[in-house]
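*Asks:* Please find one structure pasted underneath; my questions will follow.
The values are calculated or read from the model by the stated rules, or taken from the named source; none is laboratory data. Note that the structure is predicted; figures quoted are calculated from it, not measured. Positions of Cβ are backbone-derived with ideal geometry, glycine not excepted, and every protein chain shown enters the neighbour counts. Heads up: the accessible areas ignore ligands, DNA and RNA and are worked out on the full protein's heavy atoms, side chains in. Shrake-Rupley method; radii C 1.70, N 1.55, O 1.52, S 1.80 Å.
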Amino acid sequence: MALFKKKQSDLSELKLPEHIGIIMDGNGRWAKKRHLPRSAGHNAGGKTFRTISRYCSDIGIKYLTVYAFSTENWRRPKEEIDALMKLFKDYLEEALRDFKDDSIVVRFIGEKNPFSDDLKALMLENEEGSKGRDGMVLNIAMNYGSRDELVRAVKKISSGVKNGEIDIDLIDEQTISDNLYTAGQPDPDLIIRPSGEYRISNFMLWQSAYTEFVIMNKLWPDFSKEDLDEAIRIFNQRNRRFGGV
Ligand code: IPE
Ligand code: IPE
Ligand code: MG
């Protein structure tokens with residue numbers, strides 16, 4: 001049974017991560033197993049995204065970052081990219097409007113420019129429309145790559161130095177954090193990767209310095225609320241030392 005349904009008993013016993021990251025992986029394999037086109041896997045993954053993001057908000061997670069499309073995913077066949085762009089558009093039109101009921105604050109992390117004008121407009125509309133809300137912050141990583149994010153941060157800081165706004169001797173770790181897409185947000189406590197891959201694939205490299213990783217052997221379209229509960233349980237068994245003893 002999902003945590004939310006047993007809120008009284010389970011939530012009081014478990015420490016909830018403040019910020020969860022999810023690498024939503026395995027849509028293609030899910031479709032392949034069913035002899036369906038990869039786009040069918042992405043559609044199914046979109047439904048899981050909807051369920052899991054609302055569930056995270058329901059159980060009281062403060063920040064959720066979902067990796068939806070990486071800077072490297074443009075290497076995929078045009079047909080797959082087109083299907084993904086259509087799916088993003090449908091979701092931004094429908095599902096994200098539902099988030100209003102949950103007071104979810106929607107933010108996009110990643111460079112918006114390569115997306116079509118329609119999609120860019122929808123992304124901005126969703127960000128602007130959710131600004132006044134006070135619920136969970138949902139970062140949707142689209143055209144996101146952590147190395148790209150760091151390059152952008154270096155450029156921003158460099159131009160600050162050049163025009164005299166930033167003193168080079170005062171640049172510290174906080175300066176870097178403040179110039180990432182996630183500026184002002186806590187680092188993720190837990191990153192979940194379904195689909196059984198043991199890699200980070202360019203996701204939140206700076207922010208995950210002390211994040212707990214949970215790799216799960218479920219493909220993203222099959223990932224359930226119970227799996228999220230399980231990841232939180234595993235997280236609770238970890239001894240986070242942050243370099244101390
Ligand atoms: C994740 O699923 C979705 C995106 C990267 C957009 P994949 O499409 O990577 O699925 P697999 O890894 O091929 O199974
Ligand atoms: C990571 O998955 C990106 C997203 C889930 C959006 P990929 O499927 O692109 O990663 P690799 O290629 O397996 O490393
Ligand atoms: Mg993949």
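*Asks:* Starting from the Cα of GLU72, step 7 Å along the direction of its Cβ; do the same at LEU36; then give the gap between the two resulting points in nm.
*Replies:* 2.6 nm
*Asks:* Of the heavy-atom accessible surface of the range 21-236 (probe 1.4 angstrom), what whole percent is carbon and sulfur?
*Replies:* Values: 5190 of 10510 Å².
With neighbouring chains kept in place, the figure for the range 21-236 is 49 percent.
*Asks:* Which value, in debye to the nearest 20, gives the size of the charge dipole of the chain about its Cα centre, when Lys and Arg are +1 and Asp and Glu are -1 at the Cβ? Don't skip to the answer; put the middle values down first.
*Replies:* Numbers: 38 positive and 39 negative charges, 176 e Å.
That gives the chain a dipole magnitude of about 840 debye.
*Asks:* With labels modelled as points extended 7 Å from the Cα through the Cβ direction, what inter-label distance (nm, one decimal) is found for TRP206 paired with ASN163?
*Replies:* The answer from the label model is 1.9 nm.
*Asks:* A further question on this structure: Per residue, how much accessible area does the chain have with a 1.4 Å probe, in Å²? Numbers along the way, then the final one.
*Replies:* Numbers: 12790 Å² over 245 residues.
Result: 52 Å² of accessible area for each residue.
*Asks:* Let me ask something else. Lysines within cross-link reach of LYS100: Cα-Cα under 25 Å, excluding same-chain residues under 8 positions apart?
*Replies:* Hits, sequence-local ones excluded: LYS5, LYS6, LYS7, LYS47, LYS62, LYS86, LYS89, LYS112, LYS120, LYS131, LYS225.
*Asks:* If the viscosity is 1.306 mPa s and the temperature 10 °C, what translational diffusion coefficient in µm²/s does Stokes-Einstein give for the range 21-236 when Rh comes from Kirkwood over Cα pairs? Present the calculation step by step, with values, prior to reporting the outcome.
*Replies:* On the way: Rh = 18.1 Å.
Answer from the Stokes-Einstein relation: 88 µm²/s.
*Asks:* Please name whichever of PRO114, SER39, PHE99 sits farthest to the positive end of the charge dipole of the range 21-236, dipole taken about the Cα centre and charges placed at Cβ: Lys and Arg +1, Asp and Glu -1.
*Replies:* Comparing the listed Cα positions along the dipole, SER39 ranks first.
*Asks:* Can you tell me the relative contact order of the range 21-236? Whole percent, Cα pairs under 8 Å, sequence separation 6 or more.
*Replies:* Working: 311 pairs, mean separation 60.3, N = 216.
This gives 28 percent for the range 21-236.
*Asks:* Please report, in whole Å, how far the alpha carbons of the range 113-171 spread along each principal axis, starting with the longest.
*Replies:* Largest to smallest, the principal-axis extents are 39, 29, 20 Å.
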